[in-house]
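All remarks here apply to the structure that follows.
The values are calculated or read from the model by the stated rules, or taken from the named source; none is laboratory data. Remember, it's a predicted structure, so these values are computed and weren't measured experimentally. Here Cβ is always computed from backbone atoms with ideal geometry, including for glycine, and neighbour counts include all displayed protein chains.
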Amino acid sequence: MTSPIAPDLTAPGRMPVKPRAGVWRRLVRRRLALLGLMIVAIVVAGAVLAPWLTGYDPNEQMFDGLTIEGSPLPPDAKFWLGTDLLGRDLLTRILYGARTSLIIGIVANGVALFIGTLVGVVAGYFRGWIGSALMRFTDLMMAFPALLLAICLAAVFEPSLWIVAMVIALVNWVQTARVIYTETSSLAEREFIDAERTIGASAPRILFRHILPHLLPTIIVWGTLGISTTVLLEATLSFLGIGVQPPTASWGNIIFENQTYFQAAPWLVFFPGAAILALALAFNLIGDALRDILDPTQRGRA
Amino acid sequence: MIAASKPILDIANLCVSVRGEDGEREVVSDLSLTLARGETLCIAGESGSGKSMTALAIMQLLPQPAARISSGKVHLGDTDLTTLDERRMRRIRGDRIAMIFQEPMTSLNPVLSIGRQLTESIEAHTSLSQGEVRQRAIEALKAVRISEAESRLKQFPHELSGGMRQRVMIAMALALEPDVLIADEPTTALDVTVQGEVLELLRDLQRQHGTSVILITHDMGVVAEMADRVIIMRHGRMVEEGKTADIFSRPQADYTRELLAAVPRIGSGVGRQTSREAEATTASANVAEVKDLHVRFDLHGGFFGRVNRRVHAVEGVSFSIAANETLALVGESGCGKSTTAKALAGLVPYSGGVVIGGRNLSGLGRDERKAVRRDVQMIFQDPYASLDPRMRVGELVAEPLLIHGIASKQERSDRVAALFERVGLSADQMELYPHEFSGGQRQRVCIARALALRPKLIIADESVSALDVSVQARVLDLLKELQREFGVAYLFISHDMAVVENISDRVAVMYLGQIVEMGTRDQVFSNPRHPYTRRLIEAVPVPDPAKRRSRFARLDQEIPSATRRIGEAPLKLALRDVGNGHLVAAEG
């Protein structure tokens, strides 16, 4: 028998230790993630640089923006993406609308994710009466029609972009909380959590150092899914007159304003719709790559 | 009985390869074997030897699409199974070749009654009427000695004990009287006393029906009990093949010799020359003292969710452990040994007195309790599950030092490096993640982590059970060395009597939450007084075909449940000293 002190070298897993490249470097090395980053960069640049990218005012109704019969113009050399029902340049509106939609998609969604994760983790780890109270409250929120709640909240507060973002966050955290709760409670049963407790680790340490990293994949997936949901929810609110106030453009309200003309002027729905889709897809690609990069057990696998 | 002229199963040059990250890898290489009618062939080997892959290859059940048979033939009678399509193979599975798996809970469908699952396979292969199928199912259950077979048909898997479930699996496998039965680690998940029964049952059924059996196991004791012929496998290759008696008495290959040498045996007392006599320890010398420990879990039920039943997991257990001493707690699943460990480690609430290093745990403030925690560390059963997979092992070992604010950053990493070297790992492995290690290495990481705080007591809960025998032997040696060096006391929890005999100074046998016998290792093993202790020792399969038993120790009945109604507390057993501190419970 070999000496017990001799290293156990039989394992297939032994490999030379490579210095690990930073998360960013590993992210840009993946082609799909790079594509996602580029789309996000384009959208952000478009939103920030809108006044310089286009010569039109987003809210200006132009005489030459409509046909003689008063219907919108299809894409042409002058109005690259055509014009809307009121003769406004669609490209300009989409560029300015990106500002609203990015704030909604990132801030509202981020806040919703934060609340949902916090509630889910605390309820899932501590159980007991705290857990029951939090989860019953979550169930209550789930059962309550989200739109009705949003309408109530929007009615109480003066409508503004930030209020809309908060309203969306307060409605959207519920599903995340539920999913995170389930996953936390199964993680809390795992043996390595017991092992942490036996070495004297405190609850915050277990939660933040040992449970949260395992929840990352779920959080990322819900975060990316949430972007399209929140952008569309904002559109719904705008449609009901309690979202972003017209004439301010957002991707959602461009679609809603124009959806009745879908057959006559399909580009009016197609382009803003494509923008939402591209943004959601971009975040999805980044999220997917991040999930793999942040998971050490996936290292070295394709 | 091996006289049949033509083998029922003939495998020629079988190769199985698995596609992985870096191309195809052969997991079974050039394996040839034959199985005669009525013969029992054991395929033995450690994890990763390709023994289970061989079984799956025969059944054509290799995990798709990663694994495939890359070459070779598998003849069942005159048919080559490798050329059959899925539809024709389905007719052979269950009917001519049947398989039973290791884990009877997961291989039975939990939402279907066992009757339904039994009849399903019979219906699939025969054209019997419903009544006949039912009759056949009942006969099959009776054949595996399940009482009240008719009413059992309506039961669901969770209503049966582990041994019962495995018997149901055997009943299902044998209901259609297959020519070949492949049993993949059929008793590994079972308690020793139950294991004996199941093995005996397999042997009897085989004798009655003339079934040929391929028994896949890592346990050389099981091999010695069951096999006519043995194949030893390693890294996908056959290392040695021969008659059971020959393999055990005159192993040819080095690997076989190593494997046999590593097997812990009862009665050999490997490692410790003399068990230290139970010293007349004073209370102050004891590292841990447990008095009248109770752990009970309330079960809610009924209309208002009130507590109506209670699991009496630990009922009045008392023992003490001195520095530099190993106390083993043995018993079968559900006897409360792991719960006792968890109570000591502060993982479950308990009542009773636990004194660690002179300080009583109850009535301590939060900070004091954290300080006492330093003195008790735990090594868990499954090194795969007990390390956070998202942290580097270096961080994991340093974590206890960090939590307790010991040493600066630089000192910490030096200490961790020293610990790594001490447990037989190298310091440059600190940067790796747990999944990059083998099971044995991971358990070493766990040991390093437990040692980091220089505890007075280490609780090892089945810490070597999940490891291969050769690795197990090395980890046990390491534990002994560390004890000599640091003077740490071990509470060693195990179901494996042979391992316990190897490492312990004193032994406590637990049954249904209470200690039924406690004494020095020699007292318990050479003079077991309680019938349960005797049964436990007798049930362990001896890795020597010459000592094959005709009958296994059998339990008179199923072990009763520790769950009781409120107000029906179990009777407390009184321990009686039968000389020199050898405590035995009066039979009740």
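Go through segment B:425-474 and count every residue that is under 16 Å from B:GLN377 (Cα atoms), buried (at least 20 other Cβ atoms within 10 Å of the Cβ) and charged (D, E, K, R).
Adding up the residues that qualify gives 4.
Quick check, is B:ALA371 outside any loop (DSSP other than H, G, I, E, B) and within 14 Å of another protein chain (Cβ to nearest Cβ)?
yes
What do you reckon, is A:ALA203 touching a residue at least 60 places away in the same chain (Cβ under 8 Å) and over 18 Å from A:ALA280 (Cα atoms)?
In short, yes.
Is there a residue in segment B:377-392 that is of a type in the set (Lys, Arg), within 13 Å of another protein chain (Cβ to nearest Cβ) and in a loop (DSSP other than H, G, I, E, B)?
Scanning segment B:377-392, I find at least one residue that is of a type in the set (Lys, Arg), within 13 Å of another protein chain (Cβ to nearest Cβ) and in a loop (DSSP other than H, G, I, E, B), so the answer is yes.
Being over 26 Å from the mean Cα position of the chain (by Cα) and either assigned to a loop (DSSP other than H, G, I, E, B) or over 23 Å from B:SER212 (Cα atoms) (or both): is that true of B:LEU108 here?
Considered against the rule, which asks whether it is over 26 Å from the mean Cα position of the chain (by Cα) and either assigned to a loop (DSSP other than H, G, I, E, B) or over 23 Å from B:SER212 (Cα atoms) (or both), B:LEU108 comes out as no.
Would you check which residues across segment B:106-129 are surrounded by 15 or more Cβ atoms within 10 Å (Cβ to Cβ), more than 24 Å from B:ASP179 (Cβ to Cβ) and of a type in the set (A, V, I, L, M) and list them?
Result: B:ILE114, single match.
Conditions tested, residue by residue: (1) closer than 29 Å to B:VAL464 by Cβ; (2) free of Cβ contacts under 8 Å to residues at least 40 places away in the same chain; (3) among the aliphatic types (A, V, I, L, M).
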position	(1), (2), (3)
B:MET169	yes, no, yes
B:LEU202	yes, yes, yes
B:VAL222	yes, no, yes
B:GLU225	yes, no, no
B:GLY242	yes, yes, no
B:TYR255	yes, yes, no
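Are any residues in segment B:348-368 of a type in the set (A, V, I, L, M) and either in a strand (DSSP E or B) or surrounded by fewer than 17 Cβ atoms within 10 Å (Cβ to Cβ) (or both), and if so, which ones?
Across segment B:348-368, the qualifying residues are B:VAL354, B:VAL355, B:ILE356, B:LEU364.
Looking at segment B:393-417, which of the residues that are touching a residue at least 40 places away in the same chain (Cβ under 8 Å) and more than 33 Å from the chain's Cα centre (by Cα) is farthest from the other protein chains (Cβ to nearest Cβ)?
B:ILE406
Before we move on, is B:ASP505 of a type outside the set (A, V, I, L, M, F, W, C) and within 14 Å of chain A (Cβ to nearest Cβ)?
Judged against the criteria, B:ASP505 is not a match.
Table: residues versus (1) assigned to a loop (DSSP other than H, G, I, E, B); (2) within 11 Å of another protein chain (Cβ to nearest Cβ); (3) not aliphatic (A, V, I, L, M).
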position	(1), (2), (3)
B:MET430	no, yes, no
B:GLN443	no, yes, yes
B:ALA448	no, no, no
B:PRO455	yes, yes, yes
B:ALA460	no, no, no
B:ALA466	yes, no, no
B:ALA473	no, yes, no
B:ASP477	no, yes, yes
B:ARG484	no, no, yes
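From the list B:ALA44, B:ALA55, which residue is closer than 20 Å to B:LEU259 by Cα and surrounded by 19 or more Cβ atoms within 10 Å (Cβ to Cβ)?
So the residue among B:ALA44, B:ALA55 that is closer than 20 Å to B:LEU259 by Cα and surrounded by 19 or more Cβ atoms within 10 Å (Cβ to Cβ) is B:ALA44.
Only one of B:VAL516, B:VAL499, B:VAL488 is in contact (Cβ under 8 Å) with a residue 12 or more places away in the chain and crowded, with 24+ Cβ neighbours inside 10 Å. Can you tell me which?
It is B:VAL516.
B:SER438 - would you say it is among the polar types (S, T, N, Q) and in contact with a strand residue (DSSP E or B) (Cβ under 6 Å, 6 or more places away or on another chain)?
No: the conditions fail for B:SER438.
Tell me, yes or no, whether segment B:314-326 has at least one residue that is within 14 Å of chain A (Cβ to nearest Cβ) and either surrounded by 23 or more Cβ atoms within 10 Å (Cβ to Cβ) or over 30 Å from B:ALA574 (Cα atoms) (or both).
No, segment B:314-326 has no match at all.
When you go through B:LEU479, B:LEU467 one by one, which is the residue that is at pLDDT 90 or above, under 20 Å from the mean Cα position of the chain (by Cα), among the aliphatic types (A, V, I, L, M) and at negative phi?
Matching residue, one of B:LEU479, B:LEU467: B:LEU479.
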